[in-house]
Structures are given as C-alpha cells and as structure tokens.
Amino acid sequence: MAQPLQRTVLVRYFLDRPGVTLSMASSVFWKNPPEKCSVQDIKRYLLEAGIIDDGITAQIRLEEFQCYMGLEALEGAMKTFDFKDTSLGKPGHLDVRLTTAGGDESAKPTASSCTMAPVGLFALSM
C-alpha cells in the first residue's frame, strides 16, 4: 500500500545559462521528503528523479543569504532543510540551479557556418 501523502516540496530546477532564470524553471513535486532534510537526502532525491547525474552538479538556493550554494559546500556546513509543516495544499519549495562540470557546453562555438575562403572550406570539411 502506498504511503499517504503528507509532506510535499515543489522542487524547481533550471540550467545555469545566460538569460535563463528561475521563472523558466521546470518543477516536480517531491512527495514525503524527510521532515528534517539533509543535503544527502536532497542529493539522493535529485539523483533518483534524474535531475542530476555525473556530469551535472546542483546548487541550492539559500533564502536567508539570497544566493545559491553547491551541494558539496552545504554538506560541509551540515545544513538541513525543514519540511515538517508542508503539505500538498501548502508545499515547501526548493530551488535548484544546475551546472555542468565542464562549463557551459552550449556557449562553445561550433563549425556550423564558415567563410567560403579556402581556409574556411578546409575547416568545414574537417
């Protein structure tokens, strides 16, 4: 039998790219998170939900400081999140900014167009 829905957290996540803001985030409901949620609990959920993987790291929004902080840094600080008083009617929220480990791959130039000079044609053929 399924566990009755008690606590609910809206997890909003977005890629850290130029022009992308929290208002463009995707979201999922995290059903029945721990009342006192550790960084390890959050990391486990993000992995299980397929939001992060080996090539993507997550930063969590800390409202009290108005900034994002990486999961690894939060683990060292022993940070916990209180989701005790959340419900489907009044969900908690967790804002997650996703970054790629190697930087912004989409910002790298591609060889989709080139000059028609001999050097450009040679580059296009490679």
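Every number here is computed from the coordinates shown, using simple stated rules; none is lab data. Since this is a predicted model, take the numbers as computed values, not measurements. As a convention, Cβ positions derive from the backbone with ideal geometry for all residues, glycine included, and neighbour counts pool all protein chains shown.
Determine the gain in length on full extension of the stretch Lys31-Arg44; use 0.36 nm per residue of separation and subtract their C-alpha separation, reporting nm with one decimal.
3.3 nm
Quote the FRET efficiency, to the nearest 0.05, computed for Asp85 versus Glu64 with a Förster distance R0 of 22 Å and r equal to the Cβ-Cβ distance.
0.80
Just need the Rg to Rh number for segment 1-99, please, alpha carbons only, Kirkwood Rh.
0.95
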